[in-house]
1. List the residue pairs whose Cβ atoms are under 6 Å apart, where the first residue sits in segment B:214-242 and is more than 22 Å from B:Arg196 (Cβ to Cβ), the second is open to solvent by 10 Å² or more (accessible area, probe 1.4 Å) and hydrophobic (A, V, I, L, M, F, W, C), and the two are 6 or more positions apart or on different chains.
2. Can you find a residue that is touching a Leu at 6+ places or on another chain (Cβ under 7 Å), over 28 Å from B:Arg84 (Cα atoms) and assigned to a helix (DSSP H, G or I) anywhere in segment A:41-64?
3. May I ask you to say which residue of B:Met242, B:Met172 is surrounded by 14 or more Cβ atoms within 10 Å (Cβ to Cβ), under 30 Å from B:Glu119 (Cβ atoms) and aliphatic (A, V, I, L, M)?
4. Any idea which of B:Ile59, B:Ile16 is away from every other protein chain (no Cβ under 14 Å) and among the β-branched types (Val, Ile, Thr)?
5. Identify the residue in segment B:64-74 that is more than 14 Å from chain A (Cβ to nearest Cβ) and surrounded by fewer than 18 Cβ atoms within 10 Å (Cβ to Cβ) and, among all such residues, is nearest to B:Ala171 (Cα to Cα).
6. Within the group A:Thr199, A:Thr181, A:Thr159, which residue is modelled with pLDDT under 95 and open to solvent by less than 60 Å² (accessible area, probe 1.4 Å)?
7. Looking at A:Leu205, A:Leu172, which one is in contact with a Gly (Cβ under 9 Å, 6 or more places away or on another chain) and surrounded by fewer than 19 Cβ atoms within 10 Å (Cβ to Cβ)?
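The values are calculated or read from the model by the stated rules, or taken from the named source; none is laboratory data. Everything quoted here is computed from the prediction, not taken from an experiment. Note that each Cβ is placed from the backbone with ideal geometry, even for glycine, and that neighbours are counted across all protein chains shown. These accessible areas exclude ligands, DNA and RNA; they are computed on the full protein's heavy atoms, side chains included. Shrake-Rupley method; radii C 1.70, N 1.55, O 1.52, S 1.80 Å.
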Amino acid sequence: MLDWTIIVHYFPFLVSGALLTLQISVLSLILGLAFGLTAALCKLAANPLLRWPAVFYIWLIRSTPLLVQLFIIYFGFPQIGIDLGPFMSGVLGLALNVGAYNAETIRGGIISVPKGQTEAARSLGMSGAQAMRRIILPQALRIIIPPLGNNFVILIKDTSLVSTITVVELTLTAQRLIGSTYKPFEMYVMAAVLYAVLTSAASMLLVWVERRTRKEARA
Amino acid sequence: MTPTSSTRPIDPMLEIRSLQKSYGQLNVLNGVDLKVAPREVLVIIGPSGSGKSTLLRCINHLEEPTGGQIYLEGELINDTGRSRKDFEKHINHIRCQVGMVFQQFNLFPHMTVLENVMEAPLLVLKKDKTTVRDNALELLGKVGLSDKTSAYPSMLSGGQQQRVAIARALAMEPKVMLFDEVTSALDPELVGDVLRVMEDLARDGMTMLVVTHEMGFAEKVGDRVIFMADGVVVEDASPQAMFSNPQERRTRQFLKEVLK
């Protein structure tokens, strides 16, 4: 079965790989949230100059594989003079990807807030942006947070794909250690355990956030 | 209040000229002319679909009129000559002066009662927080909800929510208040409290346009009643004349139905 001496010896290396995975996840999460919110608001805008680029972005990302998107950014972009390096390419690719899914989630939350809320806000003299920021988004948040959290758990697992563009995160760390130890079972099981720890921690954090927003916004 | 000269006719607070609104083929307003004097309480009655609500919603531009003009103290509200950005600013400024209360209350569920009332004066008028707070507490006292300031809307009855909504609109210190069937969604026993608040407001000299099915309120508080049908003002009279001696056949028919 499992060789425990190998596991004890190499575990710290995998943990450092997991820390990079965490770092990539958090960065992509923040960027992905910004992309998602921007794209959602643009897709809801009346102005076609805002709407159509958002529609195109969301369509493009959701209809192509993440792996190909990462390859285009890492291998393809340098050819047109944009060389971001493996880490930034990975973060950008993941953020653009989760951003498109977040956009649809956020848009759904916004349109589910009753129209009367916007009318009440506007009738008090608020601008469209003020009404969105103070009245609509806080209410949409309650609806958005659970599916958004789901997107982020998927994001953490998807970070393993950046191993293919030479980012030495958890998966690539495991692969490299296999090269020297010839112990794929131990290494991949350890990697799997560490991914499970990360995603479970994210889920728990999410439940906590959900509970807090529910307490704040009783509707 | 500024004293008005007795020799000069009082300028209307609100003037509406041949107002039209249509949705595609459907004409909801077919040329409405109306003047509302300062401090006047105008009650608007009529069957559903007669355009009463649309008329109110055109005044604060929640609906865009298809034709005609609306003036607030002589200033054109639906001023299509402005640039888009300028118009947006103009409309927000107009809306600050025109309060509206909705049938479905539309309180902000994620804010307490006090926050609901304070939000717009803070955000839009950029007033100082202590002033806004004091004013909000005073208004909530006026509508009889001093003990509910830290409650959330979902914890209140419909009647209480509607009184918060009135306080919220009043916090902007509007010149005109629009009431769009504000008691229609309430349980019968809660209607009285809301109407009393509106009556107090009328007594304090607020200019009010009230769309309602409460004929008792119209008769008691209204200075003038208009009957609308098919997007036009069919009859315009004092409450006494409207209810005791309606001139138009359609008015008589409507009143016979609702007063039955």
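1. Pairs that qualify, where the first residue is more than 22 Å from B:Arg196 (Cβ to Cβ) and the partner is open to solvent by 10 Å² or more (accessible area, probe 1.4 Å) and hydrophobic (A, V, I, L, M, F, W, C), are B:Ile226/B:Val233; B:Phe227/B:Val234; B:Gly231/B:Val28.
2. yes
3. B:Met172
4. Selected residue: B:Ile16, the only one of B:Ile59, B:Ile16 that is away from every other protein chain (no Cβ under 14 Å) and among the β-branched types (Val, Ile, Thr).
5. Per the stated criteria, the residue is B:Glu73.
6. That would be A:Thr181, the only listed residue that is modelled with pLDDT under 95 and open to solvent by less than 60 Å² (accessible area, probe 1.4 Å).
7. After ruling out the rest, the residue left standing is A:Leu205.
Okay, residues lined up against (1) open to solvent by less than 40 Å² (accessible area, probe 1.4 Å); (2) among the small types (Gly, Ala, Ser); (3) more than 11 Å from every other protein chain (Cβ to nearest Cβ); (4) within 22 Å of the chain's Cα centre (by Cα):
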position	(1), (2), (3), (4)
B:Leu76	no, no, yes, yes
B:Arg84	no, no, no, no
B:His93	no, no, no, yes
B:Asn106	yes, no, no, yes
B:Glu119	yes, no, no, yes
B:Leu125	no, no, no, yes
B:Thr130	no, no, yes, no
B:Arg133	no, no, yes, no
B:Leu140	yes, no, yes, yes
